[in-house]
Every structure is written in structure tokens, then in C-alpha cells.
Amino acid sequence: MAINFIHPEFEIIREEKRCIKCRACERQCANEVHSYDQEFDCMESDESKCVDCQRCVSLCPTRALKIRKTDNRYRENANWQQQAMEEIFRQADTGGVLLSSMGTPKDYPNYWDKILINASQVTNPPIDPLREPMETKVFLGKKLNKLEFDENGELLSEIPPQIELEMPIMFSAMSYGSISENAHKSLARAATELGTCYNTGEGGLNQDLYKYGANTIVQVASGRFGVHKDYLNAGAAIEIKMGQGAKPGIGGHLPGRKILEKVSRTRMIPVGVDAISPAPHHDIYSIEDLRQLIFSLKEATNYEKPVIVKIAAVHNVAAIASGIARSGADIIAIDGFRGGTGAAPTRIRDNVGIPIELALAAVDQRLRDEKIRNDVSIVIGGSIRSSADVVKAIALGADAVYIGTAALLALGCHLCRTCHTGKCNWGIATQREDLVKRLNPDIGAKRLANLVSAWNHEIMEMMGGMGINSIEALKGNRLMLRGIGMSAKELEIFGISHAGE
Amino acid sequence: MIIQGKDVYFTDLNKAIKQADATEVTVENIIGQRYIGSGVEGKNLILYGTPGNALGAYLNNCNITVHGNVQDAVGDTMNNGEIIVHGNGGDTLGYAMRGGAIYVKGNGGYRVGIHMKEYKELKPVIVVGGKVGSFLGEYQAGGIIVILGLGVENIFPTGNYCGTGMHGGVMYIRSDVPPENLPRHLIVKKCIKEDLNQIMPFIKNYCQLFNVKEADIFKKSFYKLTPGANHYNTIYAPN
């Protein structure tokens, strides 16, 4: 037998005095870490299978369990760190492309944490959102530069289709297949309750969820899974997925073993057949070609739905966004490189793309310079972690944000980053019936609604502090931001001054 | 009902077609207007001239006959219905189509049948009378592609990289020479009678639609291409 070079990453600490051998941990772990030894009447664990998802820890009735990082280590080496060595061992073992899940865990600069928000003092007094009107409603879509009225004051101009949101936060695209039916149900119900939208991702739309259509964005990607006329007309908007922040420049692949009966139904492909979304749309090699897909979708939906074009934040994102704004798209969605994924090659996730903060600042500025900013709305995503990140994003020029990872955390995800195994113990990134039913969609929807409405209140408080009572007045208001610990070049890209200036 | 296409902007033309109070709509003098038939249901469209890109995109419960050539992305993501082209087709013909049938009398362009799928009773069919460009049936995941190679002699009528990434469905290609340089994962078989029985209804349709003698079709052999094991599931190492 080949020697396994890799020592298990975690240790499972079971406090024997507390353990009552109820075997809950054993039942809860789809990775089969825990087992009961009849002969010695004790619980055992195989830590090599542990992914540190914390399910057993959370469900142990006597809190007898904890999981900690192993202190076994290779000889210290600042250049060849443990992870780099282990990845080499893994590839030497298998010959495989390394595959990871969720956003990059690497320690890249996070610019949200280097930006501070302003508040009013003395003049232009703060506003208390609990007592005074405060508006966080946003409309996403192309805005006309001029409105025309007839002599009776009736509007003559035709307003392009818009998405109306009660707050500038939507749930980002996560397909049914990558996440479970109950996760989708939770998102759909929460979006409806909140008056915002969730996004189908490229996995089609479950028949049971058509009733949430007014709060649904339907996605069209290169594989065109589940795309048909009723689907296109079911949602509040259509999103063309050109790229994803976690894996710019590559496509997606849902392996056949995850295409079970229900997933097959929404994707409209046979059970067990691989669902491959190629990196490019093979009918799109130019902005003109993109325009063609946008208008074929608009024709199919009688010009009633705004069309979103979603791209990954890459080096030339400003020029690309300028092209998209001229292609007939109503909304541009930009996904930063810290964004999540159900599975992506590790090297791409950790090395390709740029942070969303820089991409947003560059795109907003470019579209303003070219006087086409009002032709499109901008939605950004890729690791929005709090309401403060939302406020900073809007002040940098976003119309709204997408949250994915934060939404999954609300549903119980503990970021163990093993979605690609399909054995999510929290019932989120899995299609195994016994695991899916662990996520109660009523509770899930409630937790999501709690999270987003709490954020919305915090947004109002921060706006109130700045003396701003509508989100429109915050949008692109970079005077409300200051940088902390940034270089002159970084400040220039963000178009903000340093704190103290 | 007859609609004139000459000098009419595509949005106006498509609106007129959608709003036409007749199940059979004839459009004359089409000069490259795009998206004709996209989102149209319950109609029979008879088109004269050259429709532009994305003809019959997302087609559902609708039939289209074109007396002329067509451009790119015909039948993109179509669900059912029929598109019959009395001329040549362009690139990405039948992109991701899930059901229905496309018959092209002449040749097709690059990436014909790319990403073609099937689902339960929906089984799409593309029949091209002449030859096609490279990347025929790229990522094909279902359905049937038939290339007749009429008028093509001593060369396989598909261009390069035929069936790259194919992981479902089947192609039948008529040729007097066997294919060369196919991706290694494809299984190639010279057709016997039982194989040809699978596509007889489509060949009969083609012959009837375009007035071609059935006997002439069977003067050459057919090669059947199906996907073998693909490598997508074996290239990754969980990290």
C-alpha cells in the first residue's frame, strides 16, 4: 500500500466525562468520522475524514466535542509552507487538478477593511431612522437621461424595464444542483418576504418555485440548462452568466452522479449525464455577439424583463463593462475574486481575477467618464460580509449587491469548503435526501430574512449618521469614504481621500 | 397572412409576426432581420429571403420554413417545433437545442449542434444535406445529428474536431471515406441496417422535403459516432 504523506488536518477532542454515547455525532456525520465501538462501549473517531464542518459539535447534546487544528507539522519553512507541500503530495498521489470550494481563503488585501465611512457632526445633522423616513428602495435597470411629458403632465417616455427592490441586497446565483432544494426554497421565500430577489443560477427552476417568480432572477449560461420560454418569462429579470468571480475564464461541471431525478427535471437533461457549462458561450465572441443574445432574450420576453450580464472582475473589467453597457444590457453584475463557488480549480480560485472593491471603483469611474453610467445599473458581489461592506459598495458606485456566502452562512454553512464532495452535513450543498431534509426551509427563510432586514436597518443607521435619507443620495457618493493605510495609487483608483484629509 | 420584410426594422417585423391574427404567417423579402420566431408560439411561419441570426431562438410550438439561406444561431435553445431551410445554414445551428427538428437542404457552418441535449420525450434532430464546418456536435449531450454529405466526394464532410467534448447523443455521418483525427473518446462504427433504421424517418423526411431520391442517399455508407467514457470525472483531486 502506498504511504499517505498527509497527516489529518484536524483532531477531534471528545471529553469522555461528558460523552453519553448517544451516537448523535455518528448519525449526523455524512463523512463517517464517528463510530461506536461495542466491545469497549465507547465512541471512536477517524479524524482523517473530518472536514471541520462543526455539525457534530453543534448537535452534541452535552457539548462533549470540539475540533481543533492538529499541531503536527512539517519542519518549518517560510517558503515551503505546510499547505504548499500537501498540495504537491496530493497531486503526486493522483495526477489531478486540485479542486476546492467556496471563496479563496488566502490572505489577500481586503479593501472594505481599509475604507472608513463618514458621519455628520453639528452641521447637516444625523437622521434617526427609527423616527424619520428613510428609503432603501432601489430600481435596477437602464435610467433615461430625460423624461418627456404631454401637456397634461402625463408621462410620454417609455421607462425601460426595472427590478424593484426594497433594499439594495439580493441573493446571488447558486444553482439547484450545486445547492439543495431546501436551500433554494429558503432563498426564494426569504427574497419574497424581503421584497428582493434570489437567483436560480444555471440550474433551471423547480416547478414548485415558479410562484416566487416576481422575486426570482433566472440565469442563462453557456450550457443553457433548463432554459425555455416559460422559464425566461417566469422571473423578474434574466441574467446572462459570462463569468464567475471564483473561477474567471473557466466554465462549470456538475458531475453526472449529482444529476438525480429532481435535478434532471429542472436542468432538463437525463439522469446521470454530466452537465457541462463551457467556459465561453460559443455564440459570443464579441460585444456585438453579446448584444445578439441579449436581444434574443428580450424578443422572447417581449422586452418586459431587464437583462443582466454577469462577469468576473478581471484586469480589464472597466473596458469590458463599458462594452457591456453599450450592448443593450440593463444591468451589469460584477463578481469579485473572493466570491464563492460549489467547486473550482484551486489555482484559478486563488490566483485569477481581482478584488471586487477595485473592480467596482474602476467600472463606475469609467462609465461616468464615458457618460453612460445611467445606461446600466451595477450590482456587485464577491464577499460582501456585512452591512458596512454594502454601504461602502454603494458609496463607491454600486446600485445593489449580491450576497452568496453570507446567505449560506445564515442557513448554517460553516465554511468547511468541501461543497464539491456533495456530503454537506448542513443540508445546503448536497442532493442526498437524508441530508437535504436537515435544512428546514421555513427556518432557513426566517434566518435569511432576519439577516438581511438587520443589515437593512444597519444601512439606514449608517446613512442616517451621514445625514442621508435615501440610498440614491449615497450611490457613488465617494466623499463619504476615506481610505486607511492605503497607498497613493490605491486611493487614486478608489477616487477617495486618505483619512485625515 | 402575408407580411413584407423589406426595409422593416427587426423589432417592428417581429412585433408584426407575433401580433399577426393568423396561424399561418408568410413573410416576404426578409433581409437579415434577427430573432424571427424567437418567443413566437402556435404559428406556422413561412419565410422568403434571408433571415438574420438567432432565427427561432427558444422556439416552442412553432414551425418555420425558410425559402432561402439562414445565418448563425438558428434554433438556439429550441424546445420543440421544426425549422426547415431550403438553402444553407450558418454557425452554431441548433445551439443547445433540446427538442424538435432542424432540416437544412445544403451545408452548415461551424459548431453545428453544439451542446445539443435531450430530455425525456424531447429528442432533437438536426439533418444537414451537405457538409459542415469544424466542431460539429461539440459538447453534444443528447439528440441525433445526421450529416448527409451530398455532393461531397472523397473527404469526410465535417471539418476538424468533430465531436470534441461529446458526452451524449449520437451522430450519423454519410461518407465514402472513414473519419480521421476524431477525439480519442469517440466510438466510431460503420452503420449496419439496424443503425440506419434509427434514422430512416428523418432521411425520408429530408428526401420528401427537398425532393431528393432516397436510393441515392444509401449509395454511400454511414458512420455512427457515439461518446465513450469521458475524462471529466477523473481529472480532479479534491483539495
For chain A, calculated [θ]222 nm from helices alone, where every DSSP H run of n ≥ 4 adds -39500 (n - 2.57): -8500 deg cm²/dmol
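Let me know the shape class of the range B:141-203, please: from the alpha-carbon gyration tensor, a ≥ b ≥ c as square roots of the eigenvalues, rounded when a/c is under 1.5, otherwise prolate if a/b is greater than b/c, or oblate.
Details: a/c = 1.65, a/b = 1.06, b/c = 1.56.
Since a/c reaches 1.5 but b/c is at least a/b, the shape of the range B:141-203 is classed as oblate.
Suppose we flag GluC sites (Glu not before Pro) only when DSSP calls them loop and at most 15 other Cβ atoms lie within 10 Å. Which is the longest uninterrupted stretch of chain B? Intermediate values should be presented prior to the final figure.
Values: sites that count: B:Glu41, B:Glu121, B:Glu153, B:Glu180.
The segment B:42-120 is the longest one with no such site.
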Cross-link reach list, lysines versus B:Lys193, counting only Cα pairs under 22 Å and skipping chain neighbours closer than eight places: B:Lys123, B:Lys204, B:Lys213, B:Lys219, B:Lys220, B:Lys224
Förster-model FRET efficiency, 22 Å R0, B:Thr11 and A:Tyr210, C-beta, rounded to 0.05: 0.20
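How fast does the range B:90-239 diffuse by Stokes-Einstein, in µm²/s, taking the Kirkwood radius from C-alpha pairs at 10 °C and 1.306 mPa s? Don't skip to the answer; put the middle values down first.
Numbers: Rh = 15.3 Å.
In µm²/s, the coefficient is 104.
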Spin-label model distance (nm) - B:Lys193 vs A:Glu164, 7 Å beyond Cα toward Cβ: 6.8 nm
In degrees, nearest ten, helix B:193-210 long axis to first principal axis of chain B (Cα): 20 degrees
Cβ neighbours within 10 Å from other chains - mean over A:339-352: 1
Distance between modelled label sites at A:Glu32 and A:Glu501, nm, 7 Å Cα→Cβ extension: 6.0 nm
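Within 10 Å, count the other beta carbons around each residue, average over each peptide in A:432-438, A:405-411, and list them highest first.
On the way: A:432-438: 16.0, A:405-411: 23.4.
Order by mean packing, descending: A:405-411, A:432-438.
Where in chain A are the DSSP H helices whose C-alpha atoms run 27 Å or more along the long axis and whose mean Kyte hydropathy is at least -0.5?
Numbers: long enough: A:441-465 (36 Å, -0.07).
Passing helices, by number: A:441-465.
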Reach of A:Lys371 by Cα under 20 Å, taken over lysines that are not fewer than 8 positions away in the same chain: A:Lys142, A:Lys143, A:Lys146, A:Lys475
Cα gyration tensor shape for the range A:177-312, rounded if a/c is under 1.5, else prolate or oblate: oblate
R0 of 45 Å, Cβ-Cβ distance A:Glu193-A:Arg368: FRET efficiency to nearest 0.05: 0.80
Binned Cα-Cα distances of the range A:1-158, short to long, each 5 Å bin given as a whole percent: 1, 6, 9, 10, 10, 9, 8, 8, 6, 7, 7, 6, 5, 4, 3, 1, 1, 0, 0
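Just flag the chymotrypsin sites (Phe, Trp or Tyr not before Pro) in the range A:220-324 sitting in loop per DSSP whose Cβ has no more than 11 other Cβ atoms within 10 Å.
A:Tyr285
Partner chain Cβ atoms within 10 Å, averaged over the residues of A:290-303 - can you pull that number for me?
Working: counts 0, 1, 9, 5, 0, 9, 13, 7, 4, 15, 12, 3, 4, 2.
Counting Cβ atoms of other protein chains within 10 Å of each residue's Cβ and averaging gives 6.
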Test item: B:117-125 mean partner chain Cβ contacts at 10 Å: 3
On Cα atoms only, tilt of B:10-19 relative to the major axis of chain B in degrees: 80 degrees
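Given the C-alpha atoms of the range A:343-488, compute the convex hull and give its volume per residue in Å³.
156 Å³
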Theoretical gain in end-to-end length, A:Glu39 to A:Arg326 [0.36 nm per residue, Cα-Cα removed]: 96.1 nm
Pair A:Ser157, A:Lys137: separation of 7 Å Cα→Cβ label points (nm): 1.8 nm
Sparse-neighbourhood loop sites, GluC sites (Glu not before Pro) in the range A:27-78 - DSSP loop, at most 13 other Cβ within 10 angstrom: A:Glu32, A:Glu39, A:Glu76
Partner lysines for B:Lys6 [C-alpha distance under 22 Å; skip if fewer than 8 residues away on the same chain]: B:Lys15, B:Lys18, B:Lys43
Residues in the range B:56-96 that a label on B:Ser134 would reach, taking backbone N under 17 Å of a point 7 Å out along Cα→Cβ: B:91-93
Centre separation in Å (Cα based) which lies between the range A:296-347 and the range B:49-126: 26 Å
Distance between the range A:15-47 and the range A:249-288 - C-alpha centres, whole angstrom: 39 Å
Rel. contact order, % - alpha carbon contacts under 8 angstrom, at least six apart, the range B:1-87: 22 percent
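Would the protein assembly as shown count as rounded, prolate or oblate if I go by the C-alpha gyration tensor, calling it rounded below 1.5 in a/c and otherwise prolate when a/b exceeds b/c, oblate otherwise?
Working: a/c = 2.08, a/b = 1.26, b/c = 1.65.
It comes out oblate by the Cα gyration axes.
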Relative contact order [Cα under 8 Å, 6+ residues apart], chain A, whole percent: 19 percent
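DSSP loop trypsin sites (Lys or Arg not before Pro) in the range A:138-234 with at most 13 other Cβ atoms within 10 Å of their Cβ, which ones?
Details: sites: A:Lys142, A:Lys143, A:Lys146, A:Lys185, A:Arg189, A:Lys211, A:Arg224, A:Lys229; in loops: A:Lys142, A:Lys143, A:Lys146, A:Arg224.
Sites meeting the loop and neighbour criteria: A:Lys146.
Read-outs throughout are calculated quantities, based only on the coordinates presented, and are distinct from any laboratory measurement. The model shown is predicted, which means the values in this text are computed figures rather than measured ones. Counting neighbours? That spans all protein chains shown, and the Cβs are built from the backbone with ideal geometry, glycine included.
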